Amino acid sequence: MKIKEIKVIVCSPGRNFTTVKIITDEGVYGIGDGTVNGRELSVASYLEDHVAPALIGMDPLRTEDIWQYLYKGAYWRRGPITMAAISAIDMALWDIKAKVAGLPLYQLLGGRSRDKVMVYRHASGLEISEVVERVLAIKETGVEAIRAQVAIPGLPPIYGTGDSTDTAALKGRGAIVPHEEVWATHKYLPLVPKLFEKVRDAVGWDVHLLHDVHHRLTPIEAARLGKDLEPYRLFWLEDAIPAELQEGFRIIRQHTTQPLAVGEVFNSIYDTHTLITEQLIDYARVTSTHAGGVTGIKKIFDLAAIYHVKSACHGPQDVSPIAMGCNIHLDVAIPNFGIQEFASYTEQMFDVFKCAWSYDRGYLQPGEVPGHGVDFDESLAAKYPYKQAYLPIARLEDGAMTSW
Ligand code: CS2
Ligand code: MG
């Protein structure tokens with residue numbers, strides 16, 4: 001079997017996605033997700049200009065060798081664009097391999113280790129009372145784990161609180177530019193424990209509660225927040241500090257028993273190995289789109305398993321339904337599954353990406369069809385052309401740039 005053709009398609013059924021389709025000389029094909037939010041065209045260009053031409057004629061079943069060819073073979077290693085391209089190819093190749101085997105992907109990853117995949121869903125709002133209502137409403141739908149976020153009084157709504165801001169490009173300076181958010185740590189820090197006091201009171205102790213800091217604190221601020229949240233026993237505190245400073249987690253760890261999660265922006269095992277081997281985190285949030293596909297995140301989760309670190313694949317809407325499918329197959333198979341983020345998708349997205357995986361009352365199932373079980377409607381996708389969009393940026397109240 002040989003790789004005959006590689007198509008790269010960028011479409012926008014409500015948001016932008018970069019999708020790869022690998023077609024073999026025997027007619028079997030596989031699809032993969034290479035979406036990097038706000039950088040979709042860069043991944044497409046890397047794939048089209050540099051990756052696809054080199055892979056034509058190769059044996060698609062050599063998933064590990066092709067992964068190494070693209071990773072070790074490239075002098076310029078790692079980075080979100082390169083790794084998203086490798087991820088997309090890798091997912092498509094595993095799809096082909098599992099289709100050829102006539103098995104759902106999870107069977108090739110060791111078979112089932114569990115019956116179902118627990119998810120967490122998002123509750124957010126401008127006021128604490130609004131968030132509490134949403135948490136209760138989500139709980140009513142059978143969900144057992146909920147992330148709660150609230151806007152900071154006196155500041156405009158930010159990421160994860162009001163309307164979604166994560167594709168909010170604005171017209172300005174004669175072009176489309178990123179939406180700008182305002183951040184004030186001293187207003188945020190006392191607010192979050194108040195939020196969780198109210199949420200915990202309302203929801204009781206059977207529901208797991210999570211919170212995403214989105215990389216906005218320093219280590220000592222995060223340590224303070226972790227201590228203040230201890231009475232409410234969060235499932236985790238996510239992305240407490242900018243993720244690239246792995247040493248910073250030592251400071252947080254010294255001060256709080258609050259479980260910690262990080263990794264949605266990581267793209268290789270080297271971004272996270274200190275955090276894992278020093279047991280500085282509890283959950284690794286890498287996802288198949290950004291950390292090297294099925295092959296890449298399996299390596300990370302296998303290392304993590306040795307150090308009591310569990311999986312928690314990133315799963316917002318910009319991780320496409322294809323990558324969500326791959327994540328779910330890994331989630332059922334690996335021994336150290338923790339939780340799966342699930343923001344779900346719109347009907348328009350589900351029309352373009354046909355999924356064998358399914359969601360019901362707080363749990364996901366991978367489906368039993370051969371491959372990863374997600375197909376892509378190319379002609380429908382063509383009706384939704386790419387639309388320029390950005391992730392927001394964040395500034396302090398004095399106008400200085402800050403992490404988001
Ligand atoms: C978030 C994401 O899902 C999460 O936890 O942090 O919404 C993230 O901001 C986006 O995926 C960025 O593209
Ligand atoms: Mg996050």
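Please determine, by comparing only the residues of the range 338-356 that are touching a strand residue (DSSP E or B) at 6+ places or on another chain (Cβ under 6 Å) and more than 19 Å from residue 265 (Cα to Cα), which one is most open to solvent (accessible area, probe 1.4 Å).
My answer is 354.
What are the residues in the range 337-356 that are outside any helix (DSSP H, G or I) and either modelled with pLDDT under 95 or away from ligand 1 (no atom under 16 Å from the Cβ) (or both), if any? Lay out the reasoning, then the answer.
Going through the range 337-356, the residues outside any helix (DSSP H, G or I) turn out to be 337-346, 353-356.
Once the filter is applied, which keeps residues that are outside any helix (DSSP H, G or I) and either modelled with pLDDT under 95 or away from ligand 1 (no atom under 16 Å from the Cβ) (or both), the range 337-356 yields 337, 353, 354, 355, 356.
Need a quick list: helices (runs of 4 or more DSSP H) entirely within the range 15-107 having at least 3 residues that are within 16 Å of ligand 1 (Cβ to nearest atom). Quick ask: steps written out before the conclusion?
On the way: elements: 40-46, 52-55, 63-71, 80-101.
Because the criterion is at least 3 residues that are within 16 Å of ligand 1 (Cβ to nearest atom), the helices (runs of 4 or more DSSP H) in the range 15-107 that meet it are 40-46, 80-101.
Answer yes or no: is there a residue in the range 325-336 that is surrounded by fewer than 21 Cβ atoms within 10 Å (Cβ to Cβ), modelled with pLDDT of 95 or more and in a loop (DSSP other than H, G, I, E, B). Break it down stepwise before answering.
Taking the range 325-336 and keeping what is surrounded by fewer than 21 Cβ atoms within 10 Å (Cβ to Cβ), we get 335-336.
Subset that is modelled with pLDDT of 95 or more: 335-336.
Subset that is in a loop (DSSP other than H, G, I, E, B): 335-336.
Yes, there is a match, as at least one residue in the range 325-336 is surrounded by fewer than 21 Cβ atoms within 10 Å (Cβ to Cβ), modelled with pLDDT of 95 or more and in a loop (DSSP other than H, G, I, E, B).
Looking only at the range 172-192, which residues are over 22 Å from residue 397 (Cβ atoms) and either outside any strand (DSSP E or B) or of a type outside the set (A, V, I, L, M) (or both)?
So the first thing to find is which residues in the range 172-192 are over 22 Å from residue 397 (Cβ atoms), and the list is 174-176.
Passing the criteria: only 174.
Against the condition in a helix (DSSP H, G or I) and hydroxyl-bearing (Ser, Thr, Tyr), how does residue 274 come out, does it pass? It would help to see each step written out before you state the result.
Working: in a helix (DSSP H, G or I): yes; hydroxyl-bearing (Ser, Thr, Tyr): yes.
For residue 274, the condition - in a helix (DSSP H, G or I) and hydroxyl-bearing (Ser, Thr, Tyr) - is met.
Report the residue count in the range 242-255 for those that are within 16 Å of ligand 1 (Cβ to nearest atom) and open to solvent by 10 Å² or more (accessible area, probe 1.4 Å). Even if it seems obvious, please write down each step before you answer.
Here is the first cut: in the range 242-255, the residues within 16 Å of ligand 1 (Cβ to nearest atom) are 242-244.
Narrowing further to those that are open to solvent by 10 Å² or more (accessible area, probe 1.4 Å): 242, 244.
Final tally of qualifying residues: 2.
What do you reckon, is residue 275 within 16 Å of ligand 2 (Cβ to nearest atom), more than 21 Å from residue 79 (Cα to Cα) and of a type in the set (A, V, I, L, M)? Step through it out loud before you land on a result.
Details: within 16 Å of ligand 2 (Cβ to nearest atom): yes; more than 21 Å from residue 79 (Cα to Cα): no; of a type in the set (A, V, I, L, M): yes.
Judged against the criteria, residue 275 is not a match.
Please enumerate the residues belonging to the range 256-309 that are within 16 Å of ligand 1 (Cβ to nearest atom), open to solvent by 10 Å² or more (accessible area, probe 1.4 Å) and under 18 Å from residue 210 (Cβ atoms).
Listed by number, the residues that qualify are 259, 264, 265, 282, 283.
The values are calculated or read from the model by the stated rules, or taken from the named source; none is laboratory data. Source: prediction; values computed, not measured. Don't worry about glycine lacking a Cβ; one is built from the backbone with ideal geometry, like all the others, and counts go over all protein chains shown. Accessible surface is based on the protein model in full, side chains and every heavy atom, while ligands, DNA and RNA are left aside. Shrake-Rupley method; radii C 1.70, N 1.55, O 1.52, S 1.80 Å.
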